[in-house]
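Notes to accompany the following structure.
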Amino acid sequence: MEVVDQIKDACREHYLQVLSQLASPPRLQYAIEELGPREFTFGGRSVRRRDSKVLNERGHSIAFSVWEPPAPRGMVVYVPDALDCRSSVVDVLAPILAAGCACCALDTTGCGSSEGRHVTIGYFERYDVACVVSELGEYETVVAMGRGSGAVAALLFADSRDHDSRLRSRNERLVRIPCLPGIDGAVFEKASRMYMVSKPPLRVSRVEPGSSADRAGILVGDVVAGVDDEAMLPHTHDELEAAFAWRAAARREATLWVARREGLEERDLERCSSRKLSLVVLDAPWTTVGALVWDLVGRVMDRPSRIWSPLVSASLSIVLHSLQKRSLADLGAIDARVSARRASVPVLVMVDNSHPVLAPDQAQEVASYAPAATVVDYDGPRSLREAALPSGGNAFFLGFDPQETAHDSTAAAAAADRPPLRSDDARRAIFDALQDTCFDYDEEERESSSSACSAALAALAHPWSADLEASRRDHEKRRDLLVRRPQGDLVSSRNSRGEGAFPPPPTSY
């Protein structure tokens, strides 16, 4: 019996670890300087960057940056992967600007500099995209571009039928309730007497007037979605009461998260509704969460045995239901193939053959469902974040230390020597898609923008090179400013106040 209890404890511990890192993976830290200077010249045109924030429909502050040349022909909204941040847009900024477009990159909920507890790998991130697009104002042409889970979010945003129907049918939202000294006066009961997949959550059945729970703002009908930032979710009244009892004894304020039946206001419905797009660019998209998990299992185990198949399938259902109880996101409902089939605009699908987790056939399958899709295969080195992952799998399942991948000046400087994440062919395909699908160029403009893009790709230059024609010389100057230590580390020769002739190099091109 003791052995059985030990096995149960071990399973519970690892389950909570997986659940915690799935719902709230470690944030990638970066410095705002990695986005480059606020003003620079690209192809003879002045480009300005502005950083801003907007509240999404869940009340979280979403950070985003906009690079805008004079009289842009359109706006490209870039959505990074769930384990990445907006600084990764620098890799594709040159072809976007060369096509005459402005570019906006955002940190989605729970990532980078944006607020929020949970990452939902596209389910709610689509509304982050919608809020940012609404905040940007009217552009004749809007293009959605994303990588990994960001690509899925961009595709779900482009699927206006599913996007708007789910938005208008939402009748719950997460509410944060500070509770001090406790939750006395509230009665919590199981929301359901039946076990569908995992244990049912707790629902408030009664609140005594004038009690601590009443003063805290707890309402009848609220469903418990979490306590503080703990992964463990209490499933009985006694468990929840005990969780608050020791906090109250220590006079420590605790936070109760509840799912409250509360529809969106008309203003939020308008801000988050789908917008007309001209093009969708999907870099390494996946089809379903199940396929994503099986790709991960395949990387961890060369040949998953027959024993693992039913075990993984059963565990996946439990994990998805547990995530839904905490974040309200039905991740099992995501199917990029269905959204691709309903796409009414051209789709560019970029297949990353060197992705550390995703198999190339997932992106190819998404492309096969889109009515008007162009497919580009490329092999590129891993990004700074992906290169730091433990071999054989993805970070949020293997529990890596986020400090290992934190961006600092040394890491940013070292990134200057790295080749871009995407190959020249992939970056050129982005430029061609923007040029051919979205905009009407005369022949002279086409040749000018094409040569500008070719020069940027050939030089592997930052888009903020002062002289694009001399970008290779500029790149060499930057390398000369770096002092190589005996250990092979790279550090910048800029002085302690950060002064220097050149802006700090970004993490990627």
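If you check VAL152 against the conditions, is it farther than 21 Å from GLN21 by Cβ and either crowded, with 23+ Cβ neighbours inside 10 Å or at pLDDT 95 or above (or both)?
Spelling it out, it is not the case that VAL152 is farther than 21 Å from GLN21 by Cβ and either crowded, with 23+ Cβ neighbours inside 10 Å or at pLDDT 95 or above (or both).
Looking only at the stretch 98-143, filter to residues that are aromatic (Phe, Trp, Tyr) and either assigned to a helix (DSSP H, G or I) or within 26 Å of GLY36 (Cβ to Cβ) (or both); which one of those is modelled with the highest pLDDT?
TYR127
Go through the stretch 99-128 and report how many residues are open to solvent by 10 Å² or more (accessible area, probe 1.4 Å) and over 17 Å from ASP81 (Cβ atoms).
Count: 2.
Tell me, which strands (runs of 3 or more DSSP E) wholly within the stretch 16-97 include 2 or more residues that are surrounded by 21 or more Cβ atoms within 10 Å (Cβ to Cβ), of a type outside the set (D, E, K, R) and under 17 Å from the mean Cα position of the chain (by Cα)?
Strands (runs of 3 or more DSSP E) meeting the threshold: 61-68, 75-79.
Say whether the condition of being at pLDDT below 90, open to solvent by less than 50 Å² (accessible area, probe 1.4 Å) and in a strand (DSSP E or B) is met by at least one residue in the stretch 217-226.
Scanning the stretch 217-226 turns up at least one residue that is at pLDDT below 90, open to solvent by less than 50 Å² (accessible area, probe 1.4 Å) and in a strand (DSSP E or B).
Is it the case that the stretch 182-204 has a residue that's aromatic (Phe, Trp, Tyr), touching a strand residue (DSSP E or B) at 6+ places or on another chain (Cβ under 9 Å) and either within 30 Å of ALA314 (Cα to Cα) or open to solvent by less than 50 Å² (accessible area, probe 1.4 Å) (or both)?
Yes, the stretch 182-204 has at least one match.
For the stretch 312-343, name all the residues that are free of Cβ contacts under 8 Å to residues at least 24 places away in the same chain and either open to solvent by less than 30 Å² (accessible area, probe 1.4 Å) or assigned to a loop (DSSP other than H, G, I, E, B) (or both).
Answer for the stretch 312-343, where residues must be free of Cβ contacts under 8 Å to residues at least 24 places away in the same chain and either open to solvent by less than 30 Å² (accessible area, probe 1.4 Å) or assigned to a loop (DSSP other than H, G, I, E, B) (or both): just VAL312.
Do you know which of the residues in the stretch 234-266 that are in a loop (DSSP other than H, G, I, E, B) and more than 28 Å from the chain's Cα centre (by Cα) is surrounded by the most Cβ atoms within 10 Å (Cβ to Cβ)?
This residue is PRO234.
The values are calculated or read from the model by the stated rules, or taken from the named source; none is laboratory data. In this text, all values refer to a predicted model and were calculated from it rather than measured experimentally. Here the Cβ is made from the backbone with ideal geometry for all residues, glycine too, and neighbour counts use every protein chain on show. Heavy atoms of the whole protein, side chains included, go into the accessibility calculation; ligands, DNA and RNA do not. Shrake-Rupley method; radii C 1.70, N 1.55, O 1.52, S 1.80 Å.
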